[in-house]
Amino acid sequence: MSAFGARLRDALLAGRREGRRGVGAPALRRSDGYEFSELREYVEGDDPRRIDWAATARAGSLQTRVILEDRSLLLAVALDASQSMQLGRTRSNYDLACETATLWYGAAIDDDRCARLGAEPLVLRDVRGRAGARACALRREPAGTPFGDALRLALATLGRGARVLVISDFFELDAQSALLRACVARFDVTTLFARDPWHAGLPLGGFVALRDAETGENARVYVDKRGRERFARAVAARERDVVEALRRTGARVGMLDEDAGPLRALAQTFGL
């Protein structure tokens, strides 16, 4: 586990929010702790520090010490793969979201479970720890997958108390707010708002051809200095509205953009 993954895991374990539902009750887990439980055969994803070499020599195969700790994690990710998320300057918002998901799964160890929600659910129950994290991190949703489907699958497949990372540009937040509120009521939800790739300024001037990312419709428009200023104001106003709406759901809220990058986005959101 990376140093950041360890810090993120600690933050998620300590992430009870007073007055919020959805974090769930702690459960016994098998991982780093103090009370010895049993020996079992090593499986991919186990912490190699838990290998018992004396037992391994006797058994002829790698044996792992199983330790009881107070809580386990179910780490889940729901990414928006709609067409608007496929846009970006040097890499798309969806690619940034996938990189962030990999960091999120980096918090998994030993018997922690992982899930990925998209066009179909990937909920790993028998493959745990780092092996499960790698399998979920490699999943990519088909472009154009309706984001509401991922939130519905989360509600249908995840147990109470799951730590769920939600990343979207939230262009359809009004239609999805009820689903998001339902997720917050059941899970510990962290939302990252994928910012407009050109929020810092529209690098266009004169007559330009534009294509609507969602519908594919093309238009030819004239962009001047005043138009760029109106665009900047509209983007800033929308960001304020979306962040405030996300906070009203009770979710943890952060911002994701190419300049800051995924690591800083999660670190700032959790104060790491």
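Based solely on its DSSP helices, what 222 nm [θ] is calculated for the chain when runs of n ≥ 4 H residues each add -39,500 (n - 2.57) and the sum is averaged over all residues, nearest 500 deg cm²/dmol? Could the numbers behind the result be given before it?
Numbers: 8 runs with 101 residues, N = 272.
Helix contribution divided over all residues of the chain: -11500 deg cm²/dmol.
Gaussian network model of the chain, Cα springs within a sub-10 Å range: biggest mean-square fluctuation belongs to which of Thr56, Thr102, Thr215?
Thr215
Compute the helix-to-body angle for 147-157: its Cα long axis versus the longest principal axis of the chain, expressed 0 to 90° and rounded to tens.
20
With unit charges on the beta carbons (Lys and Arg positive, Asp and Glu negative) and the dipole taken about the Cα centre of the chain, which residue among Thr191, Phe207, Leu122 sits farthest to the positive side?
Value computed over the given set: Thr191.
Based only on other Cβ atoms within 10 Å, what is the fewest-to-most ordering of Arg163, Arg226?
On the way: Arg163 26, Arg226 8.
Listing Arg163, Arg226 from fewest to most nearby Cβ atoms yields Arg226, Arg163.
What is the ratio of the Cα radius of gyration of the chain to 2.2 N^0.38 Å, where N is its residue count, to two decimals? Please list the in-between numbers first.
Values: Rg = 21.2 Å, N = 272, 2.2 N^0.38 = 18.5 Å.
The value comes to 1.14.
If you line up the long axis of helix 261-270 against the longest principal axis of the chain, both from Cα atoms, how many degrees apart are they, to the nearest 10?
Result, in degrees: 70.
Which value, in debye to the nearest 20, describes the size of the charge dipole of the chain about its Cα centre when Lys and Arg Cβ atoms bear +1, Asp and Glu Cβ atoms bear -1, and nothing else is charged?
Roughly 460 debye, rounded to the nearest 20.
Subtracting the Cα-Cα distance from 0.36 nm times the residue separation, let me have the gained length for Gln86 to Arg49 in nm, one decimal. Write out the running numbers ahead of the final one.
Details: separation 37, 0.36 × 37 = 13.32 nm, distance 4.05 nm.
My answer for the length gained is 9.3 nm.
Sort Met255, Met85 by Cβ crowding within 10 Å, fewest neighbours at the top.
In order of increasing Cβ crowding within 10 Å: Met255, Met85.
Give the long-range amide H neighbours of Tyr42: residues separated by 5 or more places, or on another chain, with amide H under 5 Å away, using H modelled in the peptide plane at 1.01 Å from N.
Sorted by chain and number, the residues that satisfy this are Leu62, Gln63, Thr64.
Take Arg9, Arg49, Arg181 and order them by how many other Cβ atoms sit within 10 Å, fewest up front.
Lowest count first: Arg49, Arg181, Arg9.
Against the longest alpha carbon principal axis of the chain, how many degrees, from 0 to 90 and to the nearest 10, is the axis of helix 3-13 turned?
It is inclined by approximately 90 degrees.
Please identify the longest segment of the chain free of exposed GluC sites (Glu not before Pro), where exposed means a DSSP state other than H, G, I, E or B and no more than 14 other Cβ atoms within 10 Å.
Details: sites that count: Glu18, Glu44, Glu214, Glu217.
With a cap of 14 other Cβ atoms within 10 Å, the longest stretch comes to 45-213.
Read-outs throughout are calculated quantities, based only on the coordinates presented, and are distinct from any laboratory measurement. Fair warning: this is a prediction, and the values are worked out from it, not measured in the lab. With ideal geometry, Cβ positions are generated from the backbone for all residues, glycine too; neighbour counts draw on all protein chains shown.
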